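The values are calculated or read from the model by the stated rules, or taken from the named source; none is laboratory data. Remember, predicted model here, so these are calculated numbers, not experimental data. Because the Cβ atoms are built from the backbone with ideal geometry, glycine has one as well, and the counts that use them run over all protein chains shown.
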Amino acid sequence: MCGIVGYVGVRDALPVILDGLQRLEYRGYDSVGVAVFAGDTIHVRRNAGKLANLRERVKTDPISGGIGIGHTRWATHGAPVERNAHPHLSMNGEFVVVHNGIVENYLELREELTAEGVVFRSDTDTEVIVQLIEKFASDGAHGDVAEATRLAVQHLRGAHAIVVMSKRQPDRLIAVRIGNAGGIAIGTGEHEHFVASDIPAILDYTHSMIFLESRQMAIVRQDGFEIQTLGGQQVHAQAHTIPYDPVSAAKGEYKHFMQKEIFEQARSITDTIGGRVDFEGNQVVLPSLNLTAEQAQQLQRIVTVACGTSYFSGLIGKFYIEQLARLNVEVDYGSEYRYRDPILDDTTAVLAITQSGETVDTLAAMEEAREKGAIVWSIVNAVGSQAMRVADGHIAMNAGPEIGVASTKAFTTSVVDQYLLALYLGQLRGTLSPDAIKSHTQTLARLPDLVGRTLEIERAIHELAHQVYAYTNFLYLGRGINYPAALEGALKLKEISYIHAEGYPAGEMKHGPIALIDEHMPVVTIALKDNVYDKMLSQIEQAKARDAIVIALATEGDTVIQTKADHVIYLPEASALVNPVLSVIALQLLAYYVAVRRGADVDQPRNLAKSVTVE
Ligand code: M6R
């Protein structure tokens, strides 16, 4: 949540920071601001709303200097108005701060500082940080910014990512990470260094990055940086080379990132499978999981932890792992897991699924698992993210940068990753015959083509969206492995079009939601040819008998369904195990075109952020 960019070097800092913020806007877009040191002053420009407003403002009111920081905000404390926008200046204007996270004890600190004569100018929790730094700079730190920051952060409760700039030492930025309030990457270049909360912000400039761990501080200058613990010990951090191509993070010919990302799914699924299936040797290879056959055989259980879309992906993975590896799987929300004192030991693997690799609730569940002695794995898209680094083993989604706030290709690639994981576990545990492995890997090999054919329904979905966009409540029904697909379809619609939508197991409809059904309620049913097809037809009949407008996702060639549903969208015939991938793609398209028809901000829906780094 919130995006941070910092720059110190030979270039003009402002355009570098604005470009970085543009790439981070998906993290929050309630307000935006920059601070640049020029002459002998810190100049701040900030405003409510999006970066485009700030870009206009600095055209007429520019600032030029070689060091600066910027921030795009997802509001937690204080309304999204200019005075609450970051960066925040200290009372005497000597220090300036941008921050991700929540200062849990900010009220108490604010009272103490106010009693000492500090005058606050915002309603944010962040402002206490900069006021504390100014206080400690004169009182204990002898003007040293890093030391003042170190003293100040010791008073903060909660998780934080903070970057500080000061006119006392205007050659450096101080970056601090405490807990999981989002990452801090330090990018290195020739006579220049970058600080960012997320990799895409600085990928145009450098692919060489160092990531701060919790309770570490970086002192970043034009010609170098040093990393220390908050206890003052030097840290030798390893540089990572990040492979993303910034061009792939551009919209190209598409109107929205979400549309582009939906259409990238045949490619991203190919990349996810690539290198993991040895078709000649008839086996799946997942070396990054760091799992021996002996460990796999000793496993008793898998617990999947995730949030939002990633959680629904985990519900589909449960079908794969239970069926193919004969291991019991529980799926839990990251935000709930640590609050129920879970029973764990080293015969359980906890699998975190997270696109960003920075979701604080998922990271907390991983920590809980680590403390209780479980094996910790992650399925992650963001290379180098915390969830990738702290796991014993990981599987990359290989989806490439996902910029649209509504997750699309990360969902389908994480589902494919779990299919691969289930096959790998089945192979190591001896629960799959060579013939079974062959049949499943062929199913995977055919999937990109099926995804390509599914995307051909775009036109039909576009027309359907124009017919149903004005309804205000939708019900999504699925059964078995397609029930999580119904949940995901409903989440997509509510996120980007602000229409109320519920996902339900189809068999449960008669136990309550049926009371809602009338001629104003579209009911989206996933009625593909599988073992519950007949049951789905009965549920469609029940909904129709209450005058619902039934939209059915059906298998090509199914003519019966045309006599039952008002609208039929045909998907190619596929193995039941990959049907949810195809049905979710259809539901992504439906949500997308409904939202576009309603004129909603598809890529940056209100109140949401791509990376949820606060509890
Ligand atoms: O980065 P993560 O996969 O951990 O994110 C989890 C959720 O915040 C995320 O899936 C959210 O629900 C998306 N907005 C869904 O489109």
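Remarks
- The range 595-611, subset basic (Lys, Arg) and modelled with pLDDT of 90 or more, residue farthest from the ligand (Cβ to nearest atom): Arg597
- Residue under evaluation Tyr311, criteria (1) assigned to a helix (DSSP H, G or I); (2) closer than 16 Å to Ala387 by Cα; (3) away from the ligand (no atom under 16 Å from the Cβ), criterion not met: (3)
- Any chance Val581 is part of a helix (DSSP H, G or I) and of a type outside the set (S, T, N, Q): yes
- Breaking point among (1) within 20 Å of the chain's Cα centre (by Cα); (2) in contact (Cβ under 8 Å) with a residue 60 or more places away in the chain; (3) more than 28 Å from Gln154 (Cβ to Cβ), for Phe211: (3)
- Extreme residue, surrounded by the fewest Cβ atoms within 10 Å (Cβ to Cβ), among residues of the range 58-116 that are of a type in the set (A, V, I, L, M), touching a residue at least 40 places away in the same chain (Cβ under 8 Å) and part of a helix (DSSP H, G or I): Val58
- Residue pairs meeting the criteria (Cβ under 6 Å; at least 6 apart or on separate chains; first in the same structural domain as Leu528 (by TED's automatic domain parsing), in the range 552-563; second part of a loop (DSSP other than H, G, I, E, B)): Ala552/Ala565; Thr555/Leu528; Thr555/Lys529; Thr555/Glu573; Glu556/Pro572; Glu556/Glu573
- Of the residues screened, Ala141 is one that is small (Gly, Ala, Ser), in a loop (DSSP other than H, G, I, E, B) and either buried (at least 19 other Cβ atoms within 10 Å of the Cβ) or in contact with a Pro (Cβ under 6 Å, 6 or more places away or on another chain) (or both).
- The set of residues in the range 39-57 being touching a strand residue (DSSP E or B) at 6+ places or on another chain (Cβ under 8 Å), free of Cβ contacts under 8 Å to residues at least 24 places away in the same chain and either in a strand (DSSP E or B) or of a type in the set (Asp, Glu) (or both) consists of His43, Arg45.
- When Ala250, Ala237, Ala181, Ala185 are checked against the criterion of being surrounded by fewer than 18 Cβ atoms within 10 Å (Cβ to Cβ) and within 23 Å of Gln22 (Cβ to Cβ), a single residue qualifies: Ala250.
- Scoring Gly281 on the criteria (1) touching a residue at least 12 places away in the same chain (Cβ under 8 Å); (2) not in a helix (DSSP H, G or I) leaves a single failure, condition (1).
- Matching entry among Glu358, Glu367 (being buried (at least 18 other Cβ atoms within 10 Å of the Cβ) and either out of contact with any strand residue (DSSP E or B) (no Cβ under 6 Å at 6 or more places or on another chain) or in a strand (DSSP E or B) (or both)): Glu358
- Candidates are the residues of the range 337-359 that are within 14 Å of the ligand (Cβ to nearest atom) and of a type outside the set (A, V, I, L, M); the one that is farthest from Met397 (Cα to Cα) is Tyr337.
- Any hit, the range 400-419, residues being without any contact (Cβ under 8 Å) to a residue 40 or more places away in the chain, more than 13 Å from the ligand (Cβ to nearest atom) and in a helix (DSSP H, G or I): no
- Residue match in the range 566-587 (condition: among the β-branched types (Val, Ile, Thr) and over 30 Å from Gln442 (Cα atoms)): no
- Residue within the range 161-178 that is at pLDDT 95 or above, surrounded by fewer than 21 Cβ atoms within 10 Å (Cβ to Cβ) and assigned to a helix (DSSP H, G or I) present: no
- Here the range 380-399 is the region considered, the condition is being assigned to a helix (DSSP H, G or I) and either within 9 Å of the ligand (Cβ to nearest atom) or of a type in the set (Lys, Arg) (or both), and the residue that is farthest from Glu25 (Cα to Cα) is Arg389.
- Annotation note: Cβ proximity below 8 Å between a residue of the range 369-393 that is touching a residue at least 40 places away in the same chain (Cβ under 8 Å) and outside the structural domain of Gly187 (by TED's automatic domain parsing) and a residue that is of a type in the set (Asp, Glu) and outside any loop (DSSP other than H, G, I, E, B) (sequence gap 6+ or interchain) occurs for Ile379/Asp417.
- Flag for Val329 being among the hydrophobic types (A, V, I, L, M, F, W, C) and in a strand (DSSP E or B): yes
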